[in-house]
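Let me begin by presenting the structure, written as structure tokens, before commenting on it.
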Amino acid sequence: MLIKLTLEYDGTNYSGWQLQAGHDSIQGRIEAALRKIFSTTVRVHGAGRTDAGVHARGQVAAIRLPRPFDPARLRSALNALLPPEITVLQAAPEDDEFDPRRDARSRIYEYRVLNRVVRSSFEYRYSWLVRDPLNLKAMNAAARVFIGEHDFAAFRTKGSREKTTVRRVISSRWTHVGEMVMYRVEASSYLRHMVRTMVSAMVAAGRGNLDARGVRKILASRDRALAPAAAPPGGLCLVEVRY
């Protein structure tokens with residue numbers, strides 16, 4: 001019996017989604033809860049591997065149950081066993097061939113920048129504090145550079161082993177709500193640290209230290225050394241996986 005889970009989590013204190021020996025991961029917590037329910041190992045397969053400190057409001061995962069179990073009861077049982085920062089929003093039967101990673105058409109991420117002089121006691125876990133004034137028009141000009149199919153080698157973390165660094169970005173845009181400047185990007189898939197490095201380059205454009213032409217040159221160079229360091233993980237959130 002295959003079950004599709006939709007999850008949200010605060011990734012602040014976790015090593016990321018993926019199970020890692022000696023580290024506290026989101027996948028590890030869910031599998032530990034499933035072991036208590038079924039008294040056997042049940043693997044969880046996610047749609048995306050969020051990094052350490054990154055959050056999710058719409059992560060999707062699949063589990064194959066060792067025996068029939070009512071999905072509504074499963075959701076309740078998991079939420080009773082999981083820590084409060086990890087929540088199963090939905091649990092529903094799915095086709096046996098469903099693969100949450102391969103079947104995904106696109107993934108949407110949001111990045112939040114708190115643009116003010118002093119920190120926030122409420123937003124510090126979920127945003128990057130940038131004290132300098134930001135030019136939203138310049139940031140959106142830079143954001144448009146990423147739309148389309150490009151080689152994002154310059155925007156991935158060093159040491160990544162992906163077979164190809166070409167990715168297709170469907171939409172890329174900044175909006176402004178009060179003191180929060182928010183970036184929303186949709187792409188077929190991403191390289192490790194790709195979004196956070198893109199955000200860092202666009203914030204540099206907003207500060208006046210870079211422009212869209214400079215971002216285009218970095219993208220075309222495929223040279224990671226030319227791109228800025230990745231933005232902090234806390235501002236990033238996986239909001240939706242589309243099928």
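Annotations
- Matching residues in the range 179-213 - criterion: being within 14 Å of the chain's Cα centre (by Cα) and part of a helix (DSSP H, G or I): M194, V195, R196, T197, M198, V199
- Residue under evaluation R107, criteria (1) more than 30 Å from A212 (Cα to Cα); (2) of a type in the set (D, E, K, R); (3) assigned to a strand (DSSP E or B), criterion not met: (1)
- Residue match in the range 51-64 (condition: in contact with a Ser or Thr (Cβ under 8 Å, 6 or more places away or on another chain), surrounded by 16 or more Cβ atoms within 10 Å (Cβ to Cβ) and farther than 30 Å from R173 by Cα): no
- Every pair of residues 6+ apart whose Cβ atoms lie under 7 Å, when the first sits in the range 165-178 and is assigned by TED's automatic domain parsing to the domain that holds R224 while the second is among the acidic types (D, E) and surrounded by fewer than 14 Cβ atoms within 10 Å (Cβ to Cβ): V166/E149; R168/E149
- Among the conditions (1) surrounded by 18 or more Cβ atoms within 10 Å (Cβ to Cβ); (2) in contact with a helix residue (DSSP H, G or I) (Cβ under 7 Å, 6 or more places away or on another chain), the only one that V42 does not satisfy is (1).
- Selection of the range 72-121 for residues being basic (K, R) and either outside the structural domain of G46 (by TED's automatic domain parsing) or more than 18 Å from E31 (Cβ to Cβ) (or both) yields R73, R101, R102, R105, R107, R112, R116, R119.
- Condition check for K36: outside any loop (DSSP other than H, G, I, E, B) and more than 28 Å from M194 (Cα to Cα): yes
- Residue that is farthest from E110 (Cα to Cα), among those in the range 214-237 that are in contact with a strand residue (DSSP E or B) (Cβ under 8 Å, 6 or more places away or on another chain) and part of a helix (DSSP H, G or I): L219
- In the range 159-189, the residues that are among the hydroxyl-bearing types (S, T, Y) and within 30 Å of V118 (Cα to Cα): S172, T175, Y183
- Comparison of Y14, Y9 shows that the only residue that is closer than 28 Å to P232 by Cα and either more than 13 Å from the chain's Cα centre (by Cα) or surrounded by fewer than 18 Cβ atoms within 10 Å (Cβ to Cβ) (or both) is Y14.
- The listed residue being of a type outside the set (G, A, S), touching a Phe, Trp or Tyr at 6+ places or on another chain (Cβ under 6 Å) and crowded, with 21+ Cβ neighbours inside 10 Å, out of V215, V195: V195
- P83 vs. criteria modelled with pLDDT of 95 or more, more than 24 Å from the chain's Cα centre (by Cα), farther than 20 Å from G235 by Cα and surrounded by fewer than 21 Cβ atoms within 10 Å (Cβ to Cβ): no
- Only one of the numbered conditions (1) farther than 20 Å from R57 by Cα; (2) at pLDDT below 95 is not met by V177, and that is (1).
The values are calculated or read from the model by the stated rules, or taken from the named source; none is laboratory data. For clarity, every value in this text was computed on a predicted model and none was experimentally measured. All Cβ positions, glycine included, derive from the backbone under ideal geometry; neighbour counts span all protein chains shown.
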